[in-house]
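Participant: Okay, here's the structure, questions in a sec.
Throughout, read-outs are computed from the coordinates displayed, never taken from laboratory work. Model, not experiment: these values are computed from the prediction. Neighbour counts are summed over all protein chains in view; Cβ atoms, including those assigned to glycine, are modelled from backbone coordinates with ideal geometry.
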Amino acid sequence: MKRTIAPVLLVALALCLSSCTDEVDPEGWQSGEGPAPSPTAEETADGTFVFNRYQDEQGYRDESPETYVATEFTSFSGMSWDEWSDEIARGSGSMAGSWCLNLDCDEDPYQVDVELGDPVEVDGVSYFSTYEVTDAGDMPEDIRQGMEAADEGRLTLPPESGTGEGDPEATAESEDGDPDGSSEDPDGDSSPDEDGDD
């Protein structure tokens, strides 16, 4: 008798689960109609992220990364984050970049404390847009100045839908919509054609 109770309970539970989930979804999907629709980016984008290009040139949304390619010039590794909130993130780890390659900092990176801030929204997702090295450890002052000049404290952001670059300045266009600010006239002369036939 005891051996037959367990299978019967499992079957009853399975039937209840299938009938109990046949509710109408506000978006129009019902169970039994195939896989549920994937959540949109906005539905899954709780909190603030960084745009990380570690091992992915296209970049991806990341939170509390251990290894973080922050910009084309700067990367962090061995990161541990003491705080990660919607407004600020604080952590420590190793930092290297093109600004110190002449000192082999890729082999012997600098130990730093870093703070991420100034969240901005890109396609409905919040990303940190700036960083500040709050403790540069034993980084020489001239190297620190090189690091600050390379990034100016800005983090790479993802491209907005329909644009091609993640750097906020790279996506900026002139007011007339022309990316390089040049006029439609290749000669740069906007005056009427004086040699027009009359």
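Participant: What length, rounded to one decimal in nm, is gained on full extension from residue 161 through to residue 67, with 0.36 nm per residue of separation minus their alpha-carbon distance?
Facilitator: 31.3 nm
Participant: Among the GluC sites (Glu not before Pro) within segment 70-109, which fall in a DSSP loop and have no more than 11 other Cβ atoms within 10 Å of their own Cβ?
Facilitator: Passing both the DSSP loop test and the Cβ count: 107.
Participant: Continuing with the same structure: So for the pair residue 81, residue 134, with labels modelled 7 Å out along Cα→Cβ, what separation do we get in nm?
Facilitator: 1.5 nm
Participant: Any chance you could run the full-extension gain for residue 142 through residue 108? It's 0.36 nm times the residue separation minus the Cα-Cα distance, nm to one decimal.
Facilitator: That works out to 10.5 nm of additional length.
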